[in-house]
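Beneath this line is the structure, given in structure tokens, with notes to follow.
Just so it is clear, none of the values below were taken in a lab; they were calculated from the coordinates. All values derive from a computational prediction rather than experimental measurement. Glycine gets a Cβ as well: all are built from the backbone with ideal geometry, and neighbour counts include every protein chain shown.
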Amino acid sequence: MNIRDYIAHINPEFLLMDGFDDCILGVVTHCGTDQFVIYDYDKVIAKNMSHGMTKEEAVEYFQFNQECAYVGEYTPGFAVTIPNEITIDSAPIR
């Protein structure tokens, strides 16, 4: 079973980004809201960069085309993971 099949088993209406399966963290559950798939912000940026973008271009592309793309009630979300050891250098570009 691949990750898309696994997620479809939870809810076949969840929306997923094509080509970013390796960036999926899981499914978010929160009282009073619908569940949705959550992606790792850093992995999404890295994947964008793997297509030839600089970090700044990848972040700008993400903010405009991925983060702000509302496509319905099961629109995916993005999480910034917190490293075990926090330093000034580990803060994400936002």
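Among the GluC sites (Glu not before Pro) in the chain, those located in a DSSP loop and surrounded by at most 12 other Cβ atoms within 10 Å of their own Cβ are Glu13, Glu73, Glu85.
Calculated on the Cα set of the chain, radius of gyration then Dmax: 14.1, 40 Å.
Using the alpha carbons alone, the radius of gyration of the stretch 5-53 stands to its Kirkwood radius in an Rg to Rh ratio of 1.04.
In this structure the amide hydrogen of Tyr39, modeled in the peptide plane, comes within under 5 Å of the amide hydrogens of Leu25, Gly77, Phe78, Ala79, none closer than 5 places in sequence on its chain.
Write out the chymotrypsin sites (Phe, Trp or Tyr not before Pro) in the stretch 1-50 meeting two conditions: DSSP loop, and at most 11 other Cβ atoms within 10 Å of their Cβ.
Passing sites in the stretch 1-50 do not exist.
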